[in-house]
Amino acid sequence: MINYNKLTVFFVSYFSKKKIEKIIKKLDKKIKILIIDNANEVGIKKYFENKYKNTKVICNKHNSGQTGGINTGLKNINTKYSIYMDADISFKKNTLINFLIIAEKVKNFIILAPQHEKSEYIESFKSKKKNKFKNLILMKIVHGHFLLFNMKAVKKFGYYDEKIFLYYDETDYCLRAYKKNYNIYVLPKEKVKHEGGKSVDIGKNLEVEANKHWHFMWSKFYFYKKHYSTFYAYKQTLFDLIKIFTKVIIFSFIDVRKRIIYYNQLKGLINSYIGNKSFKRLKIN
């Protein structure tokens with residue numbers, strides 16, 4: 001018999017109300033649900049808490065990004081386990097049950113994650129340490145769209161790096177945990193479908209797209225600089241710089257939308273190069 005009292009499922013919402021509700025409708029009503037609202041979306045707290053009695057909404061006064069939203073969630077969870085979900089995912093009925101069963105068997109871990117639905121994890125993401133569980137894959141890094149956290153380990157280890165606003169956030173967290181000898185596992189038989197970049201309900205807004213591209217390049221350089229060296233970070237992003245700059249020039253003449261997107265990639269990377277904070281924010285009324 002699965003004890004759902006040990007679990008909280010949580011989301012970070014940035015105009016993600018419809019997609020989150022679609023997931024909530026599929027979850028067992030015994031599961032505690034926590035939504036961190038980063039958008040000051042009008043009426044979201046009243047809507048969810050009145051309609052779903054197992055749900056609590058925390059409204060951040062400002063957009064704290066993916067990392068700030070996840071940290072707010074983790075700091076307000078009191079159950080043994082939590083599962084963070086992106087709003088644009090789908091999964092089979094028994095997925096949560098299977099994760100809880102494995103969590104109770106493994107015990108000594110900080111994160112459990114599903115197999116990537118499109119491909120096997122590359123070898124550099126996998127751990128070389130001895131693995132005593134033949135049915136699990138011991139990892140260094142996993143993707144962050146669906147993560148089961150062992151909350152005892154999280155409280156001991158710490159939280160996401162809020163200097164990162166978006167992208168490379170779970171990569172940074174996993175690598176820091178791995179270096180501190182916390183165990184991260186993939187459940188190879190469990191797959192969660194992730195649409196990717198479709199958690200926002202306001203459609204394919206150019207400003208949303210540009211913002212994502214700015215932060216992706218800012219975070220990429222920051223991550224490599226933080227975990228390796230400044231030289232290595234430049235080496236890893238030099239080709240990006242040349243490619244992006246070329247595309248800005250090309251698309252200036254043929255596609256305004258793409259020019260704006262690549263120009264934001266360029267600005268994000270340059271701001272990371274010169275040590276500026278990850279400052280770019282959306283302005284959506």
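Quick notes on this one:
- The protection proxy used here, the mean number of other Cβ atoms lying within 10 Å of each residue, ranks peptides 206-218, 177-189 as follows, highest first: 206-218, 177-189.
- Each Lys and Arg Cβ is given +1 and each Asp and Glu Cβ -1; about its Cα centre, the chain then shows a dipole of about 760 debye.
- The chain, accessible area per residue, ligands and nucleic acids excluded (1.4 Å, Å²): 53 Å²
- Note on the range 140-163 and the range 29-84: Cα centroid distance 17 Å, given to the nearest whole angstrom.
- Highest mean first, the peptides 118-128, 254-264, 2-12 sorted by other C-beta atoms within 10 Å per residue fall in the order 2-12, 254-264, 118-128.
- Within the accessible area of the range 129-285 (1.4 Å probe), percent carbon and sulfur: 56 percent
- Our coupling estimate for the range 58-70, obtained by passing each phi through the Karplus curve with A = 6.51, B = -1.76, C = 1.60 and θ = phi - 60°, is 10, 9, 6, 5, 9, 6, 8, x, 4, 5, x, x, 5 Hz, Gly and Pro reported as x.
- Rounded to the nearest 10 degrees, the angle from helix 230-254 to the longest Cα principal axis of the chain is 60 degrees.
- Between 0 and 90°, nearest 10: helix 169-179 axis offset from the chain longest Cα axis: 60 degrees
- Residue 232 paired with residue 124, simple spin-label distance in nm, labels 7 Å along Cα-to-beta-carbon: 1.0 nm
- Cross-link check: pairs 6/30; 152/180; 30/156 evaluated at a Cα-Cα cut-off of 18 Å; pairs beyond the cut-off: 30/156.
- A straight line joining the Cα centroids of the range 245-285 and the range 119-136 runs 36 Å.
- Residues of the range 117-150 with amide N under 11 Å of the 7 Å Cα→Cβ point at residue 189: 135-136
- Residue 22-residue 107 FRET efficiency (beta carbon distance; Förster radius 45 Å; 0.05 resolution): 0.90
- D_trans [Stokes-Einstein, Kirkwood Rh over alpha-carbon pairs] for the range 126-285, 37 °C, 0.692 mPa s, µm² s⁻¹: 185 µm²/s
- Amide H within-cut-off set for residue 126, under 5 Å, with H built and near neighbours excluded: 140
The values are calculated or read from the model by the stated rules, or taken from the named source; none is laboratory data. Here the structure is a predicted model, which means the values were calculated and not measured. Glycine gets a Cβ as well: all are built from the backbone with ideal geometry, and neighbour counts include every protein chain shown. The area values use the complete protein model at the heavy-atom level, side chains included, leaving out ligands, DNA and RNA. Shrake-Rupley method; radii C 1.70, N 1.55, O 1.52, S 1.80 Å.
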